[in-house]
Amino acid sequence: MCIEKLVIKSNIRNYDVFFENDSNFLSNLATKENTIFIIDENVWNLHKNSVLSSISPDRLIIQHVCEEIKNLATVCELYDKIMAFSPRKNLTLVSIGGGITQDITGFVASSLYRGINWIFIPTTLLAQVDSCIGAKTSLNYKNYKNLVGTFYPPSQVHIYPEFLKTLRKEDYYSGVGEMAKLHIMNGEKDTQKFIDSLKAIDELNFDTLLNRTRHCLEIKKSYIEDDEFDIGKRNMLNYGHCFGHAIETSTNFAISHGQAVVLGMILANKIALRQNLMSKDMEEYLYSNVLDAILVVDIPIFNIEKIIEAMKQDKKNTGNGLALVMLENGYQMTKITNLNPGEVVEVLEEFNKNNINRM
Ligand SMILES: NC(=O)c1ccc[n+]([C@@H]2O[C@H](COP(=O)([O-])OP(=O)(O)OC[C@H]3O[C@@H](n4cnc5c(N)ncnc54)[C@H](O)[C@@H]3O)[C@@H](O)[C@H]2O)c1
Ligand SMILES: [Zn+2]
């Protein structure tokens, strides 16, 4: 049963996020005519005999998922597989999986017949708390991550925490990283609320997860509804991501997105501290109570040259220096575009030194 609904306003078309506490929504979708399902292979294998048992194999495409297949070649393969079902133009595509499944199938849905009806069921915590709204679809092109894409929201999103039970720890904590980011961005009270919820989140308590997830989506909604096409306020959601993307690239995606974002927030806070934008107390408070508490990956020794190179390539760069979104005292967000690479080198060198000492 759907226990709650959130409406997201979009320039393209308003859409609904449903919070579910059983799998009836899937049985209902499975009986709809002219519907094709694309499901992440891992999710299908783990849930085909339980949550997904109502989905008939004769309208199913199982998709192997990894960052390397998030490209135009996979999109073309999916066009072929969909057309093999001889669908009518008014078909509905239902995709079930994490952010990669969302990005590929969203692109397919936005381009096939210039846009078909698309329903997304996120199965990772990251996709549930963050990527499922905002309407972005992205593909990698050659070595450029998320270079190609469209704005195309699903018509419906269904959030069902049951899927999260089978996530690997690092993938689960990738979502916890994005959850932390949104709570921190929304101020001191929400940061404390997140800290108070950490134990329940760790124990996969569904009530807490649904509450925190709904709150994350409400926070993100306030940014994307004001600036859906990411030309102003929405940029602030890149807190932790300027370093985070560079860390992902420089480690060849060995670190999951949300965990790289946690490291990115730690580094952005260190720059804010150096620039007297954030007090030492605040930096330490966020590090000890939130960021260090949710890091589950081994912290790498950063390849400083590669990180600087990746930050220079960041498509959000518009100024003379590097772009960085930072949190300031009072939990205000700010973005600078003139960050000196020398300052980044110093912070990364110090971070590497402390990291080696911890080993
Ligand atoms: N479009 C957007 O707005 C947006 C926003 C953020 C991130 N992204 C993209 O999302 C991608 C990362 O997505 P993600 O972290 O959600 O994960 P993912 O789609 O990369 O999945 C991570 C792993 O978990 C597996 N998996 C998925 N659901 C599972 C489940 N319930 N149980 C067990 N295993 C499961 C997948 O098969 C995969 O191996 C990146 O490519 C990133 O660029 C897009
Ligand atoms: Zn992110």
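Read-outs: derived from the displayed coordinates by stated rules, not from any lab. A quick note: this is a predicted structure, and the numbers were derived from the prediction, not measured. We place every Cβ from the backbone using ideal geometry, glycine too, and count neighbours over all the protein chains shown.
Computed quantities for the displayed model
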item: Angle between the chain longest axis and helix 99-111 axis [Cα atoms, degrees, rounded to 10]; result: 60
item: Whole-number percent relative contact order across the chain, with pairs defined as alpha carbons under 8 Å at least 6 apart; result: 13
item: Convex hull volume per residue in cubic angstrom - Cα atoms of the stretch 2-166; result: 105
item: The stretch 142-223: GluC sites (Glu not before Pro) in DSSP coil with no more than 14 other Cβ atoms inside 10 Å; result: Glu203
item: Geometric extent, Cα atoms of the stretch 169-358 - Rg, Dmax (angstrom); result: 15.8, 46
item: Cleavage-rule hits (chymotrypsin sites (Phe, Trp or Tyr not before Pro)) in the stretch 264-343: DSSP loop, at most 14 neighbouring Cβ within 10 angstrom; result: none
item: Relative contact order %, the stretch 1-119, counting alpha carbon pairs below 8 Å whose residues are six or more apart; result: 24
item: Helix-only CD estimate at 222 nm, as mean residue ellipticity for the chain, using -39500 (n - 2.57) per DSSP H run (n ≥ 4); result: -13500 deg cm²/dmol
item: Size of charge dipole - the chain - debye, nearest 20, with Cβ of Lys, Arg +1 and Asp, Glu -1, no other charges; result: 840
item: Alpha-carbon centroids, the stretch 216-236 and the stretch 45-106: separation in whole Å; result: 28
item: Descending principal axes extents, the chain, alpha-carbon based, whole Å; result: 59, 41, 40
item: Computed over the stretch 169-358: relative contact order in percent, which uses C-alpha pairs under 8 Å that are six or more apart; result: 24
item: At 0.890 mPa s and 25 °C, Stokes D of the stretch 83-135 from Kirkwood alpha-carbon radius, µm² per second; result: 214
